Amino acid sequence: MSKIKITVEKNPGKLSIKNVTVREPLVEDLLEAQKFQDNARMSMALISQICTFDGRRLTLEELEQLPLSDFLELSAELAATGLVGSAEQFSALSATAVSDSPKSGE
């Protein structure tokens, strides 16, 4: 069986971050992030509220330009350090928030 050659091209002009500073999250940060029903957007919302990137806060739209590898690394680091609780707690809170949110038409 032949091996497939895979080449990863960097996205020119996309967001490139050198330093991220994280402030301790507040309950209000989590409540604000829970307005989003999918876990990725909820994580992005929380990250945009508690992190500064090279000295400035980024909007959700700007965070969408962050390379996926950087986003996943940052998310994992936040969970590992306990800044957003454990990964299990954050996932459980996310699931609870989504299941408790009113459905459209209610």
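Computed quantities for the displayed model
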quantity	calculated
Surface/4 of the Cα convex hull for the stretch 1-62, nm²	6.9 nm²
Ordering of 57-66, 23-32 by burial proxy (mean other Cβ atoms within 10 Å per residue, highest first)	57-66, 23-32
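Read the figures in this text as sums done on the coordinates, not as results from a lab. Quick caveat, the model's predicted, so the values are computed rather than measured. Heads up, the Cβs are rebuilt from the backbone with ideal geometry, glycines too, and the neighbour counts pull from every protein chain shown.
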